[in-house]
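Below: one structure, written as structure tokens.
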Amino acid sequence: MIVGKLIMESWRFAATELRSNLLRTTLSLLGVTVGIFAIITVFTLVDSLEKSIRNSFDFLGAGVVYVQKWPWMPEGNEQYKWWDYWNRPNPTINEYKFMQANMKNHSAIAIFAEQGNQLVKKDNNSVGEVILIGASYPYSDIFDLSITNGRYFSQIETEGGRNVAIIGDNLVQKLFPGGKDPIGKEIKLKNQKFIVIGTLEREGESFLGFESKDDNCIIPYNSFRKFFRTGTGAWNETGSSIGIKGKEEDIGMVQLENEVKGLLRSRRGLKPKDKDNFALNRPEALGNAISGVFDVLGIAGWVIGGFSILVGGFGILNIMFVSVKERTHIIGIQKSLGAKNYFILFQFLFEAIFLSLIGGLAGLVLVFLVTLIPLGELEVVMSLKNITLGVGVAVIVGTVSGIIPAAGAARMDPVIAIRSN
């Protein structure tokens, strides 16, 4: 009951202060508004940018370890030694079969290879710059393919190297214009006829412009090997990759990585002192590298907004000192009628918090207006976390700025306060 009365009284005094001294109060709260705006705008843009970039990596799959010749990032703390990686053998189909037979800490394993800039034809229609992918049967378990029409390969089709294909949405639109159903129709690839058995859900362009499945043509791995030399381990062939998806209970994929490394080192006859001649790549490593960059941007946001908030804090401090001085007589009457020190303290403290909240909410409104500005592929969204952060910072600024004037008001002698003009 008392808390409710305190809040209502404080809100009423804060509203009165704002109405009676609109210009002074607005200028004083401007620092809080600008500070909250700067901090939350930076965090909102950083979070949106990070989310868009991470979504751009979705085509790599989640919880997957890739056995490849080339590492995505420098190994260890060394520079990227491409001259050493160049001499590494490519993963082979025999290594894939070996790991498939011996691994235990995985939920799916597949071998695949890809070749860009391929030409696919259908009658008088053709599409260039197609990404041709040769995939073994469990490929769909690694990448969670969304097939909107038709079906995926059967195991017999993949092992037998049948001429069947699954195509992306761009190929569907260009090879089969007018909404024609591509399922069961023939297309030509490398002068060979392939039957379309499935189509992929449209993804659209990613934020970073990475490849999407819209330009993909997926065929069985053994069909791919009819056109390109791959899976033999030679350094100059079209390199294959082995994708291995871990189990949910394997946190951090530690057991999976250790098992893959042990099996592959054994298969390749590496001695204990020999370095790995293969790379184990994970999408999470790219995400962690990105997070480090965004952490720096977040610190910059705090620095930029911190100066404005400091100015805003002093503005609220000034308002509260003036407010205490103007209401000294009222404070004396309240205390003479039995008001406790904590009642006076919280009355002014809540008033400072409410004033700071008004400035903070104004800053959040400005951030929301920024999110309405179209920024191409980047979708800017103000999250609940950032809204909560903005409100929290405003409350802290109000509390710190109001505690000294409120404490001074609470310690006033009622007799002296009543006698003041």
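Within the range 329-338, none of the residues are under 30 Å from Glu50 (Cβ atoms) and open to solvent by 80 Å² or more (accessible area, probe 1.4 Å).
Table: residues versus (1) closer than 19 Å to Asn222 by Cα; (2) crowded, with 19+ Cβ neighbours inside 10 Å; (3) without any contact (Cβ under 8 Å) to a residue 40 or more places away in the chain.
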position	(1), (2), (3)
Ile111	yes, yes, no
Lys121	no, no, no
Pro177	no, no, no
Lys188	yes, no, no
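The single residue among Arg202, Arg225, Arg267 that is of a type in the set (Lys, Arg), in contact with a helix residue (DSSP H, G or I) (Cβ under 9 Å, 6 or more places away or on another chain) and within 18 Å of Gln118 (Cβ to Cβ) turns out to be Arg225.
Any residue at all in the range 213-235 that is modelled with pLDDT under 85, within 28 Å of the chain's Cα centre (by Cα) and closer than 30 Å to Leu45 by Cβ?
Yes - at least one qualifying residue is present in the range 213-235.
Of the candidates Leu361, Leu366, Leu355, the single residue that is within 23 Å of Ser308 (Cβ to Cβ), buried (at least 20 other Cβ atoms within 10 Å of the Cβ) and of a type in the set (A, V, I, L, M) is Leu355. Do the conditions hold for Phe314, that is, is it more than 30 Å from Pro89 (Cα to Cα), assigned to a helix (DSSP H, G or I), modelled with pLDDT of 75 or more and open to solvent by 50 Å² or more (accessible area, probe 1.4 Å)? Here the answer is yes, as Phe314 does meet what is asked.
Being open to solvent by 80 Å² or more (accessible area, probe 1.4 Å), modelled with pLDDT of 90 or more and within 22 Å of Glu114 (Cβ to Cβ): is that true of Lys261 here? The answer is no for Lys261. In the set (1) closer than 18 Å to Gln192 by Cα; (2) over 32 Å from the mean Cα position of the chain (by Cα); (3) open to solvent by less than 20 Å² (accessible area, probe 1.4 Å), the condition left unmet by Met99 is number (1). Of all residues in the range 399-414, those satisfying the criterion of being of a type in the set (A, V, I, L, M) and open to solvent by 80 Å² or more (accessible area, probe 1.4 Å) are Val400, Ile404.
Within the range 159-175, the set of residues being open to solvent by 10 Å² or more (accessible area, probe 1.4 Å) and touching a helix residue (DSSP H, G or I) at 6+ places or on another chain (Cβ under 8 Å) comprises Glu159, Gly160, Arg162, Asn163, Val164, Asp169, Asn170.
Residues of the range 71-85 that are part of a loop (DSSP other than H, G, I, E, B) and either in contact (Cβ under 8 Å) with a residue 24 or more places away in the chain or over 21 Å from Leu270 (Cβ atoms) (or both): Pro71, Trp72, Met73, Glu75, Asn77, Gln79, Tyr80. Close Cβ contacts (under 7 Å, 6 or more residues apart or on different chains) running from residues in the range 145-165 that are among the basic types (Lys, Arg) to residues that are outside any loop (DSSP other than H, G, I, E, B) and surrounded by fewer than 17 Cβ atoms within 10 Å (Cβ to Cβ) are absent.
The values are calculated or read from the model by the stated rules, or taken from the named source; none is laboratory data. This one's a predicted model, so the numbers in the text were calculated from it and none came from an experiment. Cβ coordinates were reconstructed from backbone atoms using ideal geometry, including for glycine residues, and neighbour counts include every protein chain displayed. Side chains are part of the model used for accessible areas, which takes the heavy atoms of the whole protein and leaves out ligands, DNA and RNA. Shrake-Rupley method; radii C 1.70, N 1.55, O 1.52, S 1.80 Å.
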